[in-house]
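K.L.:
Mind looking over this structure? Questions follow.
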Amino acid sequence: MGLTIAIVYTFHRMRSPRLDLDYRLVILGSLLPDIIDKPIGYVIFQKYYENGWIYGHTLLFSVVLLILSYSIATKYSVLGFSSLLHLIEDGVVTYMPGTFFWPLLGWNFSKNGEFTSKWIEYTISSLYTDHYIQITEVAGLTVISYLILRHRLYVKSNLIAFIKNGKLIDK
Ligand SMILES: [Zn+2]
């Protein structure tokens with residue numbers, strides 16, 4: 001999430017600083033694939049899917065989201081864009097190309113077997129062992145901390161304003 005925010009923030013500042021982006025949409029988009037897939041694939045339909053990368057982690061989902069959000073307004077397309085960045089950061093295309101390009105390579109999603117029932121344990125342990133995850137998490141936290149300081153979101157009134165309108169204003 002932090003990395004996605006950093007990429008969007010950099011683009012926003014450098015390319016179109018006058019576009020009044022709603023950063024709540026960036027946060028939502030960057031979490032949406034997991035919000036959709038983890039409960040379905042790991043909890044509700046665990047036996048059927050055995051995977052936390054299903055519909056929300058397909059390129060098709062992000063593209064549809066991008067088109068829908070863009071059709072409402074250019075500034076909303078950040079929702080689809082952030083969701084696409086999530087898939088890239090997850091590395092779905094490398095680890096599960098069948099899911100990324102679904103349904104072009106077949107209708108079935110691959111299964112994660114034993115991982116599924118223990119996904120919370122695996123996710124927590126990967127925080128300690130996987131260097132790629134460690135680096136991206138630290139980078140993400142650094143960016144979020146920077147934005148909190150830069151836009152003074154530690155001041156209650158600024159934070160409330162951000163929650164209400166999603167804008168990062170310079171103070
Ligand atoms: Zn994910």
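K.L.:
For residues that are in contact with a Pro (Cβ under 8 Å, 6 or more places away or on another chain), within 12 Å of the ligand (Cβ to nearest atom) and aliphatic (A, V, I, L, M), tally how many sit in the range 76-131.
P.N.:
Just the residues of the range 76-131 that are in contact with a Pro (Cβ under 8 Å, 6 or more places away or on another chain), to begin with: 83, 86-87, 90, 105.
Now restrict to residues that are within 12 Å of the ligand (Cβ to nearest atom): 83, 86-87, 90.
Pick out the ones that are also aliphatic (A, V, I, L, M) and you get 87.
Going through the range 76-131 one residue at a time, the tally reaches 1.
K.L.:
A further question follows. Tell me the helices (runs of 4 or more DSSP H) entirely within the range 60-171 that contain at least 1 residues that are under 21 Å from Thr10 (Cα atoms). Please lay out each step first, then the result.
P.N.:
Details: elements: 78-90, 92-95, 97-100, 114-117, 119-129, 131-150, 156-165.
Correct list: 78-90, 131-150, 156-165.
K.L.:
Of all residues being within 16 Å of the ligand (Cβ to nearest atom) and small (Gly, Ala, Ser) in the range 1-52, which is modelled with the lowest pLDDT? Just the residue, please.
P.N.:
The extreme case among them is Gly2.
K.L.:
For the range 35-89, give me each residue that is among the polar types (S, T, N, Q), farther than 19 Å from Thr4 by Cα and crowded, with 16+ Cβ neighbours inside 10 Å. Don't jump to the end; show me each part of the working.
P.N.:
Residues of the range 35-89 that are among the polar types (S, T, N, Q), as a first pass: 46, 51, 58, 62, 69, 71, 74, 77, 82-83.
From what is left, the residues that are farther than 19 Å from Thr4 by Cα are 46, 51, 71.
Selection gives Gln46, Asn51.
The values are calculated or read from the model by the stated rules, or taken from the named source; none is laboratory data. This structure is a prediction, so every number in the text was calculated from the model and none was measured. Glycine also receives a Cβ, built like all others from the backbone with ideal geometry; neighbour counts cover every protein chain displayed.
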